[in-house]
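Report on the following structure.
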Amino acid sequence: MNSREDILSRVRARIGRATGNAAVATEAAERWLAARQQGPRPAVAGDLLASFREKSEALATTVDVVDDASAAPAAVARYLAARSLPMRAVGWPGLESQPWRDAGIVFEGRGAVDADLVGITGCFCAIAETATLMLLSGPDTPATVSLLPETHVAIVAASRIVPAMEDAWRLLRTEGGGLPRAVNFISGPSRTGDIEQTLVLGAHGPYRVHVVLVKAGGENR
């Protein structure tokens, strides 16, 4: 018997698990997991868009709201120009159809490399309670776009804002068809307070996170 089997056998002995009752216990555990029971949680006050915006700004995420998806490139251009950032970006390939050139932005639909300064993504969903963006990795949604550039811009459909983390996972189970290789949660610019408890932004990811909330006109996942 190796160490792992020895430890597990002692655990089974302490909880009264044996060959005869293992199947029953496994079935009970699977039923409990399938039920996905939720405990108490606080209600999200106000409408979801307003709540997400308020929480985002508290986390140093800047937010702009546009009426439809076609207005998103112009909103991104205003943000970049106001901060003297380059009018060049990489982003999710699915966003290439947006009118970036009309907005004065050179857009490349690909994963980011270390030289890229601005990354533009969509979002699987956004969580109002914590102002968190939920991004799924995949061939058309490369994770590097939100992680490598100094500036991350996310285009988020208001219809994809959910109240809480539990709702985000429920949506993924409903629509995702299984877990991707990575699920990334982004709540504002990266930060650390390790040195003398002084908050520093851009510690291990983007210095800036900007969200363009789209009231109507499509979903970017």
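The values are calculated or read from the model by the stated rules, or taken from the named source; none is laboratory data. On a predicted model such as this, the values are computed, not experimentally measured, just so you know. Neighbour counts are summed over all protein chains in view; Cβ atoms, including those assigned to glycine, are modelled from backbone coordinates with ideal geometry.
In this structure, Thr61 does not satisfy being in contact with a Gly (Cβ under 8 Å, 6 or more places away or on another chain), polar (S, T, N, Q), closer than 15 Å to Val214 by Cα and crowded, with 18+ Cβ neighbours inside 10 Å.
Among the residues of region 139-162, those that are under 24 Å from Arg88 (Cβ atoms) and in a strand (DSSP E or B) comprise Thr141, Thr151, His152, Val153, Ala154, Ile155, Val156. The residues of region 192-221 that are at pLDDT below 75 and not in a loop (DSSP other than H, G, I, E, B), listed by number, are Thr192, Val200, Leu201.
Scanning region 108-131 for residues that are in contact with a Gly (Cβ under 9 Å, 6 or more places away or on another chain), crowded, with 21+ Cβ neighbours inside 10 Å and not small (Gly, Ala, Ser) gives Val118, Ile120, Thr121, Phe124.
Residues of region 119-144 that are within 8 Å of the chain's Cα centre (by Cα) and under 10 Å from Ile186 (Cβ atoms): Cys123, Ala126, Thr132, Leu133, Met134, Leu135. Consider Val113 carefully, then state whether it is closer than 23 Å to Ala203 by Cα, in contact with a helix residue (DSSP H, G or I) (Cβ under 7 Å, 6 or more places away or on another chain) and modelled with pLDDT of 95 or more. Against the criterion (closer than 23 Å to Ala203 by Cα, in contact with a helix residue (DSSP H, G or I) (Cβ under 7 Å, 6 or more places away or on another chain) and modelled with pLDDT of 95 or more), Val113 does not qualify.
If we scan region 135-142, do we find a residue that is surrounded by fewer than 18 Cβ atoms within 10 Å (Cβ to Cβ), assigned by TED's automatic domain parsing to the domain that holds Tyr79 and under 30 Å from Gln37 (Cα atoms)?
Quick first cut of region 135-142, residues surrounded by fewer than 18 Cβ atoms within 10 Å (Cβ to Cβ) only: 137-140.
Now drop any that are not assigned by TED's automatic domain parsing to the domain that holds Tyr79, which leaves 137-140.
Then keep just the ones that are under 30 Å from Gln37 (Cα atoms); that gives 137-138.
Yes, there is a match, as at least one residue in region 135-142 is surrounded by fewer than 18 Cβ atoms within 10 Å (Cβ to Cβ), assigned by TED's automatic domain parsing to the domain that holds Tyr79 and under 30 Å from Gln37 (Cα atoms).
Going through (1) in contact (Cβ under 8 Å) with a residue 60 or more places away in the chain; (2) surrounded by 13 or more Cβ atoms within 10 Å (Cβ to Cβ); (3) not assigned by TED's automatic domain parsing to the domain that holds Gly205 one by one, Pro42 falls short only on (2).
Checking each residue in region 12-23 for being surrounded by 10 or more Cβ atoms within 10 Å (Cβ to Cβ) and assigned to a helix (DSSP H, G or I) picks out Arg12, Ala13, Asn21, Ala22. Checked across region 73-81, the condition of being closer than 21 Å to Ala158 by Cβ, more than 19 Å from the chain's Cα centre (by Cα) and outside the structural domain of Thr174 (by TED's automatic domain parsing) holds for no residue.
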